[in-house]
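> To start, I am sharing the structure in question, which I have written as structure tokens.
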Amino acid sequence: MGLRAPFGGEVLVRGTVLMWLSIIVLIPLGAVVFRSFDEGAGAFWEAISEPEAVAAIKLTVITSLVIVVINALMGTLIAWVLVRDEFPGKRIVNSIIDLPFALPTIVAGLTLLALYGNDSPIGVNVTYTKVAVGLALLFVTLPFVVRAVQPVLHELDEEMEEAAASLGASNFRIFRSIILPNLTPAIIAGCALAFARAIGEFGSLVLITGNIPFDTQVASVYIFGRIESDNTTAAAAVAVFLLVLSVVILFALNLFGRWRSRHERG
Amino acid sequence: MSTSADEFAKVAAKASGGINVTGVTKRFGDFVALDDVSIDVPDGGLTALLGPSGSGKSTLLRVIAGLEQPDEGQVLISGENTTDRRVQDRNVGFVFQHYAAFKHMTVFDNIAFGLKIRGQGTGKIRERVKQLIELVHLQGFEKRFPNQLSGGQRQRMALARALAVEPKVLLLDEPFGALDAKVRQELRTWLRHLHDDVHVTTIFVTHDQEEAMEVAEQIIVMNDGRVEQSGGPRDLYEDPASEFVMGFVGPAHRLGESWVRPHDVEIRHEPNGKTIEALIDRVVHLGFEVRVELTLQDGETFSVQLTREQVDELELKDGQIVFVRPKSSRTFSPDGTVPATVA
């Protein structure tokens, strides 16, 4: 049994935590939801089904899904190399992984613009295209799968692999039947976080995508545009959509974690 | 060391199944884990590799399995040279100290793994797994995951998994090392019975001399990457080839120049010329057995094992001055390798 607050103290502690969460998270979220229904459910529906809004949401969700799949593959591969391989400069590579996370996203956008912009030093110009959206999202979501898989791979009992080999399993079979199933939960968790991050990304996209409606305008930029033109209901409606999507992902992740902890582990 | 029994084992091992290791050396960087090791394990036998940690016993087992490649020497399984064969193709069953259970699979799927690799039909697999589950007494646990099993159950599952593929040899690396004393004792006895039923050539690694003596027919004592001695439990205990074996297999104390077992010491109240004076520090009653802890005049301490009757008869008490004499003892050459005299 761990340390507990003194008698009566737990009420105070719990109250403080609840109040803090309310002020910082729950009340603002509630306000957005409330605002989106300001002019009734009809207006909400109208705002969210407006073609420009639909196009922005579609672009955001589809691109996010695509980059998540790429992340699942590349992130696992990077984690594998960082855990199982020994090469000079491994530590530097390892610390580079977090750079996209630490970098202010607007700086990330600027970096991409410098490399892939109009006067690209390598002659690749992707500005104002959907490729730019994907590229920027890949940049900012790089760490999620890598950092989720790395510790699991590190802790993975290599004797399991030796046992499988002694039973006749080929290297491919060992990867498929032993390693991958043990990494899957971490890969999924990393993907979910990357997805949640991608659907809300703003800073790295705003410079390089050109924000062309029906083409390269993502949901967060759409929200920003509506606020600028004083259409708060439209902005709030799309915001609520993103919010609900994020909550669903978190909830699903939680359920998955609970289902998993019933067996496995230990 | 090269007694006729050893020669016989060698011939027997070559003629049928069995394992022959010749001149195996394995280095990890500067560290020599195995230094020109040769052993012969007869077909169908149960052999223990006994030694302290770092003696190379686990490395030797892994070399036999193919999990480690030797720098020199060769490994023969059933007369076939398997030195360059991958672990996948050696058909060995390997059991790890920490079970190496496939934790994302049920007990059934763990045991069935090797059979699935071999592409056997579902019906056949089901039947074989059922037999194995009965063999290791895990009926009713088929659908459990490893984390829902106790350590002893996990290790039994790991054994069934290794036996499923009908290996030529079964290799166990400190199989009971992670279990508590009571379960360890149960599993020892159980392994002994299992071996009588299954009869697969088995080598198990242990650092526990009591475990080796209880379970194995043949014990190979290792130290510093070399084989010190091999033989039956009784041979090793009664006829140790070196100081190391004397001290490692069973309790032993140095008394002057020679080594003596704690039950080979006579205690008396009067000196008789051959005895040395000693002070009783403590008389420890361990049930049937009594341990008398003594200090010699030169400050050296050692203990003597007596029965309760002997202690009662002598009326031994803490703080008494007594006279002791080894009933039998062994002396080794100065480098500790060759038995010099047996008194």
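The values are calculated or read from the model by the stated rules, or taken from the named source; none is laboratory data. These figures come from a predicted structure and were not determined experimentally. Here the Cβ is made from the backbone with ideal geometry for all residues, glycine too, and neighbour counts use every protein chain on show. SASA here: full protein model, heavy atoms, side chains in, ligands and nucleic acids out. Shrake-Rupley method; radii C 1.70, N 1.55, O 1.52, S 1.80 Å.
> Which one of the conditions (1) open to solvent by less than 30 Å² (accessible area, probe 1.4 Å); (2) not in a helix (DSSP H, G or I) does residue A:122 fail to meet, given that it meets all the rest?
The failed condition is (1).
> Among the numbered criteria (1) out of contact with any Phe, Trp or Tyr (no Cβ under 7 Å at 6 or more places or on another chain); (2) open to solvent by 10 Å² or more (accessible area, probe 1.4 Å), which single criterion is violated by residue B:37?
(2)
> Follow-up question, since we're still on this one. So is residue A:198 of a type in the set (Gly, Ala, Ser) and away from every other protein chain (no Cβ under 14 Å) or not?
So residue A:198 passes the test.
> Moving to a separate point now. Please go through (1) at pLDDT 95 or above; (2) in contact with a strand residue (DSSP E or B) (Cβ under 6 Å, 6 or more places away or on another chain); (3) surrounded by 19 or more Cβ atoms within 10 Å (Cβ to Cβ) for residue B:71 and return the number of the only condition it doesn't satisfy.
Failing condition for residue B:71: (3).
Residues checked against (1) modelled with pLDDT of 90 or more; (2) open to solvent by 80 Å² or more (accessible area, probe 1.4 Å); (3) touching a strand residue (DSSP E or B) at 6+ places or on another chain (Cβ under 7 Å):
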| residue | (1), (2), (3) |
| --- | --- |
| B:284 | yes, no, yes |
| B:288 | no, yes, yes |
| B:291 | yes, yes, yes |
| B:294 | yes, no, yes |
| B:298 | no, yes, no |
| B:312 | no, yes, no |
| B:315 | no, yes, no |
| B:323 | yes, no, yes |
| B:326 | no, no, yes |
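> Next question, about the same structure. Being part of a helix (DSSP H, G or I) and either of a type in the set (Phe, Trp, Tyr) or touching a residue at least 60 places away in the same chain (Cβ under 8 Å) (or both) is the filter here, so list the residues in the range A:4-48 that pass it. Can you show your working first?
Here is the first cut: in the range A:4-48, the ones part of a helix (DSSP H, G or I) are A:9-36, A:40-48.
Correct list: A:20, A:29, A:32, A:33, A:34, A:35, A:36, A:43, A:44, A:45, A:47, A:48.
> Sticking with this structure for a sec: Return the residue satisfying two criteria in turn: it lies in the range B:115-136 and is open to solvent by 80 Å² or more (accessible area, probe 1.4 Å) and more than 14 Å from chain A (Cβ to nearest Cβ), and of such residues it is farthest from residue B:162 (Cα to Cα).
B:122
> In addition: Could you check the range B:275-288 and list, in sequence order, the residues that are touching a Ser or Thr at 6+ places or on another chain (Cβ under 7 Å) and without any contact (Cβ under 8 Å) to a residue 24 or more places away in the chain?
Correct list: B:288 only.
> Quick test of your reading of the structure: residue A:63 fulfils all but one of (1) open to solvent by 40 Å² or more (accessible area, probe 1.4 Å); (2) within 19 Å of residue A:222 (Cα to Cα). Name the failing condition by number.
(1)
> Further, regarding this structure: Only residues in the range B:253-269 that are in a loop (DSSP other than H, G, I, E, B) count as the first member; pair them with residues that are buried (at least 18 other Cβ atoms within 10 Å of the Cβ) and at pLDDT 90 or above, Cβ under 8 angstrom, at least 6 apart or cross-chain, and list the lot.
Between residues of the range B:253-269 that are in a loop (DSSP other than H, G, I, E, B) and residues that are buried (at least 18 other Cβ atoms within 10 Å of the Cβ) and at pLDDT 90 or above, the close pairs are B:269/B:322.
> Which of the residues belonging to the range A:26-45 are within 27 Å of the chain's Cα centre (by Cα), over 18 Å from residue A:226 (Cβ atoms) and among the hydrophobic types (A, V, I, L, M, F, W, C)?
A:26, A:27, A:29, listed by residue number.
> If you don't mind, there's one more thing I want to ask. Only residues in the range B:137-161 that are more than 13 Å from every other protein chain (Cβ to nearest Cβ) count as the first member; pair them with residues that are among the acidic types (Asp, Glu), Cβ under 8 angstrom, at least 6 apart or cross-chain, and list the lot.
Cβ pairs passing all conditions: B:152/B:186.
> Given the conditions (1) open to solvent by less than 30 Å² (accessible area, probe 1.4 Å); (2) within 25 Å of the chain's Cα centre (by Cα); (3) not hydroxyl-bearing (Ser, Thr, Tyr), report the number of the one that residue A:167 does not fulfil.
Tallying (1) open to solvent by less than 30 Å² (accessible area, probe 1.4 Å); (2) within 25 Å of the chain's Cα centre (by Cα); (3) not hydroxyl-bearing (Ser, Thr, Tyr), residue A:167 fails exactly one: (2).
> I've got another one for you. When only residues in the range B:58-111 that are assigned to a helix (DSSP H, G or I) and closer than 19 Å to residue A:177 by Cβ count, which is farthest from the other protein chains (Cβ to nearest Cβ)? Don't jump to the end; show me each part of the working.
Residues of the range B:58-111 that are assigned to a helix (DSSP H, G or I), as a first pass: B:58-65, B:87-89, B:107-111.
Applying the additional criterion that residues be closer than 19 Å to residue A:177 by Cβ yields B:87-89, B:107-111.
Working: B:87: 5, B:88: 5, B:89: 8, B:107: 11, B:108: 13, B:109: 10, B:110: 9, B:111: 10 Å.
Ranking the candidates gives B:108 first.
> Further question on the same structure: Quick one: which of A:138, A:167, A:156 is touching a helix residue (DSSP H, G or I) at 6+ places or on another chain (Cβ under 7 Å) and away from chain B (no Cβ under 14 Å)?
Among A:138, A:167, A:156, only A:138 is touching a helix residue (DSSP H, G or I) at 6+ places or on another chain (Cβ under 7 Å) and away from chain B (no Cβ under 14 Å).
> Continuing with the same structure: Tell me which residues, restricted to the range B:137-146, are within 21 Å of residue B:186 (Cβ to Cβ) and open to solvent by less than 80 Å² (accessible area, probe 1.4 Å).
Matches in the range B:137-146: B:138, B:140, B:141, B:146.
> Further question: Among the numbered conditions (1) under 13 Å from the mean Cα position of the chain (by Cα); (2) hydrophobic (A, V, I, L, M, F, W, C); (3) closer than 17 Å to residue B:329 by Cβ; (4) assigned to a strand (DSSP E or B), tell me where residue B:245 comes up short.
Residue B:245 satisfies every listed condition except (4).
> So, in the range B:241-269, exactly how many residues are over 25 Å from residue B:279 (Cα atoms), open to solvent by 10 Å² or more (accessible area, probe 1.4 Å) and among the hydrophobic types (A, V, I, L, M, F, W, C)?
3
Yes/no matrix, rows are residues, columns are (1) away from every other protein chain (no Cβ under 14 Å); (2) assigned to a helix (DSSP H, G or I); (3) surrounded by fewer than 18 Cβ atoms within 10 Å (Cβ to Cβ):
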{"position": "A:114", "(1), (2), (3)": "yes, yes, yes"}
{"position": "A:133", "(1), (2), (3)": "yes, yes, no"}
{"position": "A:145", "(1), (2), (3)": "yes, yes, no"}
{"position": "A:177", "(1), (2), (3)": "no, yes, no"}
{"position": "A:180", "(1), (2), (3)": "no, yes, yes"}
{"position": "A:186", "(1), (2), (3)": "no, yes, no"}
{"position": "A:189", "(1), (2), (3)": "yes, yes, no"}
{"position": "A:206", "(1), (2), (3)": "yes, yes, no"}
{"position": "A:224", "(1), (2), (3)": "yes, yes, yes"}
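> Of all residues in the range A:81-98, count the ones that are open to solvent by 80 Å² or more (accessible area, probe 1.4 Å) and either in a helix (DSSP H, G or I) or under 20 Å from residue A:239 (Cβ atoms) (or both).
So the count comes out to 3.
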